[in-house]
Amino acid sequence: MKTSKRKTRRGLHAGCAMAGLVLGCNSSDATSSSQLSASPNGQLPSAGAAGATSTPGGAAGSNATAVGAANGEALPGSLAVQPSTQAGAAATDAGGMSSATPDAAANNDAGGVTPVPGILAATPPMGWNSWNTFGCNVSEQLIKSMADAMVARGMQAAGYQYVNIDDCWMNGRDGNGKLQWSANFPAGMPALANYIHSKGLKIGIYEVPANRTCASTYGGYTPGVGSLGHEADDARTFAEWGIDYLKYDLCQGQRSSFAVMRDALRATGRPILYSINPGNGQNDLCPPGSCALDLPNIANIWRIGFDIDTQWTSWLRLIDENANLYASAGPGHFNDPDMLEVGRGGTADEDRSHFSLWAIMAAPLLAGNDPRNMSAATQTILTNPEVIAVDQDALGIQGRVVATPAANLQVWSKPLSGTNTRAVVLFNRSAGAAAMTVQWAALGLPTGTAAVRDLWSHADLGSFTDSYTAPSVASHGVVMLKITSAAPAPAAP
Ligand code: GLA
């Protein structure tokens, strides 16, 4: 419809991401817009990558990874298990979090719940994605260097696994209708997948349930063809190339194609994590609750809002949009408030807040920076093992606001594995530093003593009775804690 399209286009441009395709406004490291148009034709030189020689879009013979569970994982979570069961379990885990109103009862202990091992996205996916920093300037060389940097800079060791190529990798279809990679990938996708896999990492790719990709529709990337009507063929192609993750982005496409692609991925037999964006710009979002799609039954992760950018206000927008969607999250299926902007212009306090909030919301942790040249401060944030452990907790519960001591002060809580254990974020959104208190009662923890650990200073703060007060939480900052109630006294004989 004309009107909604116009609205959507405004939404997209407002976020700068699409404009970034052409102007580099969201791409501090983007080289030039000339790379936008990969040559749609021609034999490509074979260059370097894992010694592969192949034609664009071809199966690349010896380098094609076998279709099937090549990475030793079971089928995708939303594909192999009944996600509705998982969703139900997650809701139960979280103490019946059906109400949007925070209350102590909803934070009852999550102990006794059996996590779901062996499914895809059993915990939120972690990795890197090209879009935020590079827009359409993607190439084989870039992606290989990212994989190298993820290893060299400790990201892989911290749990980052997926190396995801966003829009602009494709170059139309060949005469048989098969997707072709662009000239920027001279050795071809199977060889690139082999390279990524040889590092112990996994590779992701991007498509849309439309005729043209988002960068084609809004950014002039004319070779960007979509998968609408080609779902089965394209899913087979991705599996054959050795792809481990598909981001399927609505962008004026057809929402009905999300389930078609899910089934097509399932039919390949290869575990391919399925990430969808069911929203069209800011004015036609499709989060759980208002989306006609049964999101947890379709995808492993789904975007809940419009594109993130480097501004603090966009991070707050996404936090607020995600805050009440906790009941939909659980092992195998998570809300996705979009990729990370850590290391892309925020202050150290803001970056720590961004990362802490994504972790307590059990959000996918998909770095969007350039890890090759990230500062030590950014590296420290992105690889903080104690914060990552909160995001990756096996229960897969999305944390929620349990107290709002003042207009811009929020106490967030996430039940963790183990008895009476919570992750807590004291989040100061205000313009000045503030003391903030967390009460055990707000967390659903028993009264009495509990051990408090600071997850950013990596220090045990001691044992506290009924509450803990952080004397000064920085403006736009957080204090992130792990709180564990003292073991109940043994019953009297
Ligand atoms: C949309 C998505 C972004 C990115 C671009 C690529 O805007 O929301 O995350 O994938 O498309 O064109």
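The values are calculated or read from the model by the stated rules, or taken from the named source; none is laboratory data. From a predicted model like this one, the values you see are computed outputs, not experimental measurements. Note that each Cβ is placed from the backbone with ideal geometry, even for glycine, and that neighbours are counted across all protein chains shown.
With out of contact with any strand residue (DSSP E or B) (no Cβ under 9 Å at 6 or more places or on another chain), in the same structural domain as residue 191 (by TED's automatic domain parsing), farther than 30 Å from residue 427 by Cβ and within 16 Å of the ligand (Cβ to nearest atom) as the only criterion, which of 224, 220 stands out? It would help to see each step written out before you state the result.
Values: 224 fails: out of contact with any strand residue (DSSP E or B) (no Cβ under 9 Å at 6 or more places or on another chain).
Just one listed residue meets the conditions, 220.
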Report the residue count in the range 206-217 for those that are near the ligand (Cβ under 10 Å from one of its atoms) and basic (Lys, Arg). 0
Given the options 220, 188, name the one that is surrounded by fewer than 24 Cβ atoms within 10 Å (Cβ to Cβ) and small (Gly, Ala, Ser). 220
If we keep only residues of the range 258-283 that are surrounded by fewer than 22 Cβ atoms within 10 Å (Cβ to Cβ) and not charged (D, E, K, R), then the residue farthest from the ligand (Cβ to nearest atom) is 269
Helices (runs of 4 or more DSSP H) within the range 122-186 that include 3 or more residues touching a Leu at 6+ places or on another chain (Cβ under 9 Å), modelled with pLDDT of 95 or more and more than 24 Å from residue 310 (Cα to Cα): 140-152
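Check 342, 387 and return the single one that is closer than 22 Å to residue 483 by Cβ and either modelled with pLDDT under 95 or not assigned by TED's automatic domain parsing to the domain that holds residue 424 (or both).
Values: 342 fails: closer than 22 Å to residue 483 by Cβ.
When all the criteria are applied, what remains is 387.
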(1) in contact with a helix residue (DSSP H, G or I) (Cβ under 9 Å, 6 or more places away or on another chain); (2) surrounded by fewer than 20 Cβ atoms within 10 Å (Cβ to Cβ): which one isn't true of residue 424, the others all being true? (2)
